[in-house]
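Below you'll find the structure, written out as structure tokens, and then a few comments.
Nothing in this text is a laboratory measurement; each read-out follows from the coordinates by a stated rule. Quantities reported herein were computed from a predicted structural model and do not represent experimental measurements. FYI the Cβ positions are ideal-geometry reconstructions off the backbone, even for glycines, and counts take in every protein chain you see.
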Amino acid sequence: MPPLSELTTPENLSEDTVRRYRDDGFVHVPQVLSAEEVATYRAAAEAILERDMEIWAGGEDGGQVEVNYVTQAWRKDETLRALALHPSLTGIAARLAGGALRLYSSEVLVKEPRKALPTLIHDDEAGLPMDGLSLTLTAWVALVDVPVERGCLSYVPGSHLRKESERLVHMTSFEHFRSAEEVWPDFPWQLRVTVPLRAGDVAFHHCRTVHMAGRNDTDERRIGHGVIFMDAGATYLPGVMDEYLSHMHPGQPLDDEKLFPLISG
């Protein structure tokens with residue numbers, strides 16, 4: 001991995017990278033973290049997985065595992081909080097979005113070797129319990145090398161620009177989930193771009209960008225840290241996975257600086 005001076009920062013991020021993100025709805029930003037940082041954050045991720053890991057079951061009988069995870073990792077571990085608020089991560093996110101953002105959540109995500117199913121085809125918008133998501137994006141931080149065989153993500157370029165009638169905009173229950181083909185009949189004919197990552201790379205995608213991930217067919221865990229940055233003016237909209245927001249009233253701004261810190265660009 002290159003020395004620190006050669007890492008990607010908000011200051012040396014190219015305008016072409018910003019343009020590609022806004023045109024395609026995703027972009028691969030190489031070498032955001034140093035080797036030392038990756039080692040520190042990976043150790044913290046592995047430790048929190050030992051303590052708090054949950055299982056997302058898949059398959060027709062629910063007996064196969066799609067991904068294991070820890071929700072709200074940044075609130076449970078100071079080292080992972082530092083990663084979610086890392087100045088390069090937040091600064092690049094702000095430049096790509098082109099507007100004010102707040103940290104919403106972060107998850108440690110792991111696909112176990114030779115076990116995990118492919119991640120279902122989806123976008124993130126419908127699963128977020130909030131309204132006002134025009135800029136909201138996810139930073140997927142690779143904490144190990146993630147070649148194609150380890151289950152890296154694939155994206156549908158430009159899918160964030162679909163009209164509303166071709167999107168599943170909001171879910172109040174996972175029973176409301178619909179496949180990409182149901183929501184967007186042209187989906188089967190869309191280009192899909194697979195993005196392998198080296199440890200320390202980050203893939204950013206818009207909350208409306210259709211994406212998926214493959215199986216982990218290697219002998220090493222796929223470990224990543226997914227950080228969601230939301231529009232600074234987003235408000236609460238009751239939906240799925242909103243347990244820690246359910247004390248709020250619909251339409252209430254998510255602007256508590258302690259719970260949803262404003263990030264700097």
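Amide hydrogen proximity for L197: with H placed 1.01 Å from N in the peptide plane, the residues at 5 or more positions away or on another chain lying under 5 Å are V146. If you take the alpha carbon atoms of segment 112-265 and fit the smallest convex hull around them, that volume is 132 Å³ per residue.
Sort 141-148, 239-246 by packing, meaning the average of other beta carbons within 10 Å per residue, with the highest value first. Could the numbers behind the result be given before it?
Values: 141-148: 21.9, 239-246: 14.0.
Top to bottom by mean Cβ count within 10 Å: 141-148, 239-246.
Quick one: dipole size for segment 53-211, taken about the Cα centre, charges +1 on Lys/Arg Cβ and -1 on Asp/Glu Cβ, in debye to the nearest 20. Don't skip to the answer; put the middle values down first.
Working: 16 positive and 21 negative charges, 116 e Å.
Value, rounded to 20: 560 debye.
Residue-normalised convex hull volume from the C-alpha trace of segment 126-197: 132 Å³ per residue.
Our coupling estimate for segment 132-145, obtained by passing each phi through the Karplus curve with A = 6.51, B = -1.76, C = 1.60 and θ = phi - 60°, is x, 10, 5, 10, 4, 8, 10, 9, 9, 9, 7, 9, 9, 4 Hz, Gly and Pro reported as x. Taking every full run of DSSP H in the chain, the ones that stretch at least 20 Å from end to end by Cα along their long axis and average -0.5 or higher on the Kyte-Doolittle scale are 35-52. For the chain, rounded, prolate or oblate, judged on the Cα gyration tensor with a ≥ b ≥ c (square roots of eigenvalues), a/c < 1.5 rounded, else prolate if a/b > b/c? In terms of gyration-tensor shape, rounded.
Exposed loop sites here mean trypsin sites (Lys or Arg not before Pro) with a DSSP loop assignment and at most 15 other beta-carbon atoms within 10 Å; the chain contains its longest site-free run at 1-113. What you get for the chain, charging only the Cβ of Lys and Arg (+1) and of Asp and Glu (-1), is a dipole of about 320 debye around the Cα centre. Whole-Hz Karplus values for segment 103-113 come out as 6, 9, 6, 8, 9, 8, 10, 9, 10, 6, x Hz, taken residue by residue from phi with 6.51 cos²θ - 1.76 cosθ + 1.60 and θ = phi - 60°; glycine and proline positions read x.
Using the crude model of +1 on Lys and Arg Cβ and -1 on Asp and Glu Cβ, and no other charge, please compute the dipole size for segment 180-265 relative to its Cα centre, in debye to 20. Can you show the working numbers first?
Numbers: 7 positive and 13 negative charges, 57 e Å.
Using Cβ point charges on Lys, Arg, Asp and Glu, segment 180-265 gives about 280 debye.
For the chain, the 222 nm mean residue ellipticity estimated from helices alone, with every DSSP H stretch of n ≥ 4 adding -39500 (n - 2.57) and the total spread over all residues, rounds to -6000 deg cm²/dmol. Distances between placed amide hydrogens fall under 5 Å for N216 paired with R114, K115, A116, all partners being 5 or more residues away or on another chain.
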